[in-house]
Each structure stands twice: as structure tokens, then as C-alpha cells.
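The values are calculated or read from the model by the stated rules, or taken from the named source; none is laboratory data. Please read these numbers as outputs of a predicted model, since none were measured by experiment. Glycine gets a Cβ as well: all are built from the backbone with ideal geometry, and neighbour counts include every protein chain shown.
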Amino acid sequence: MGFTLIELIVGILIFAVAMVSVINFLQPQVRKGIDPIWQVRAASLAQSLSSEITAKAFDENSNLAGGATRCGENDSSATFVNCTSAANLGPDAGENRELFDDVDDYNGFNFSGANILSSLGLGTSVNGNNIYNGFTAQVSVIYDANLDGIADTAPGNKKLVLITITTPGGEQISASAVKGNF
């Protein structure tokens, strides 16, 4: 009992068509298999940035040496200390991430790929490859006294930090934090 050449060729063709169908089914699944890893990395990066940012002082005009004077109040000599205006949120002249000393310095802070480093300038790598290659991070800081997500035009006692991480697959993971003036 054997097979003829025609039967073998037909069998090979049926097997080839079946394999193409299986591969076409599995290919999108492989792509989706990496999404959870990217989502975890994005969430971890957003949490790290949030912790870094909210550890800073509320405002440049507050006493950064641990004093009792806060912006938006009178200091010990009864002189009113203004908070940074909403239009001037962002890094002060000559400041970079290493010199950021208050929350609003991060406003407009954008970085991506190999430039995603810790605040100390250290990279996060596995086998010499930055695990955030292909990721982008964007930070915005607004005054938002009533926490409605809409920027206030006047300085208030709460700043909303909005962080958006974009994965290599284009998915956006958002995080937010509130820094109060106290």
C-alpha cells in the first residue's frame, strides 16, 4: 500500500494551505502578546515620574529651605509672596532635570527612548538595552483648584500633574497626581 506522486503533491498542498491559515491566525496574536509587557513598563514609568515630581516643592517662590513661608501667603514680614503665574509654569531659565526644584519645572517635559533616564541620569537596561526604547513620556502641570482637569488661569493651592506615556505600539497610558501647597 503506497501513495502515488499525485497524492503526495495534493497532500503537501493541503498541508501548505493549512499552515498558511494557522500562521495568519497566530501572527496578530504574537503582536498582542507584547502589549501587556509594554503596559506594565508604561505604568511603572508613570509611577516613577509621579513620585519624582511630587517629591519636589510646590512652587519656586515658596521657601525651599524648609521654612514656613509658602507662596500665596504673607511671609514673616507680612509681605505677600506670589506663586508662579499660570502662564509661567515650566522650567526656570537655565534649569534642566537635574536642577528642577519645584513641581511646575516639569511642565512641558518630554523625552523618549534612550533619553528616558532616572532623575540621577541613570538608565534602566537589560543586557545593555534601555527597556524604554520606543516609549515617549510627556508631562504637563496646571493649576487646578477644583480638580476638574481644566487649567485655572490664576494661581491656586493645587497643581495637577498629568503624565502620558506612549508605548511602542502607540497605546497611551495616563497618570495624574495632585500637589498641594502645604
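A compact table of results
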| quantity | calculated |
| --- | --- |
| Strands (runs of 3 or more DSSP E) enclosed by the stretch 101-166 - at least 1 residues per element that are modelled with pLDDT of 85 or more and touching a helix residue (DSSP H, G or I) at 6+ places or on another chain (Cβ under 7 Å) | 136-143, 158-166 |
| Hey, residue 173 surrounded by 17 or more Cβ atoms within 10 Å (Cβ to Cβ), of a type in the set (A, V, I, L, M, F, W, C), modelled with pLDDT of 90 or more and closer than 24 Å to residue 37 by Cβ or not | yes |
| Tally of residues being out of contact with any Pro (no Cβ under 9 Å at 6 or more places or on another chain) and of a type in the set (Ser, Thr, Tyr) across the stretch 66-108 | 4 |
| Residue 69 being at pLDDT 80 or above and closer than 23 Å to residue 160 by Cα | no |
| Filtered residues of the stretch 141-163 (kept if out of contact with any Gly (no Cβ under 7 Å at 6 or more places or on another chain) and either touching a residue at least 60 places away in the same chain (Cβ under 8 Å) or within 17 Å of residue 60 (Cβ to Cβ) (or both)) | 141, 142, 151, 152, 153, 154, 156, 159, 161, 163 |
| Subset of the stretch 160-174 (residues that are under 13 Å from residue 141 (Cβ atoms) and under 14 Å from the mean Cα position of the chain (by Cα)) | 161, 162, 163, 164 |
| Single residue of 93, 57, 18, 87 found to be of a type outside the set (S, T, N, Q), touching a helix residue (DSSP H, G or I) at 6+ places or on another chain (Cβ under 8 Å) and at pLDDT 85 or above | 57 |
| Residue identified as in contact with an Asp or Glu (Cβ under 9 Å, 6 or more places away or on another chain) and hydroxyl-bearing (Ser, Thr, Tyr) among 79, 69, 4 | 69 |
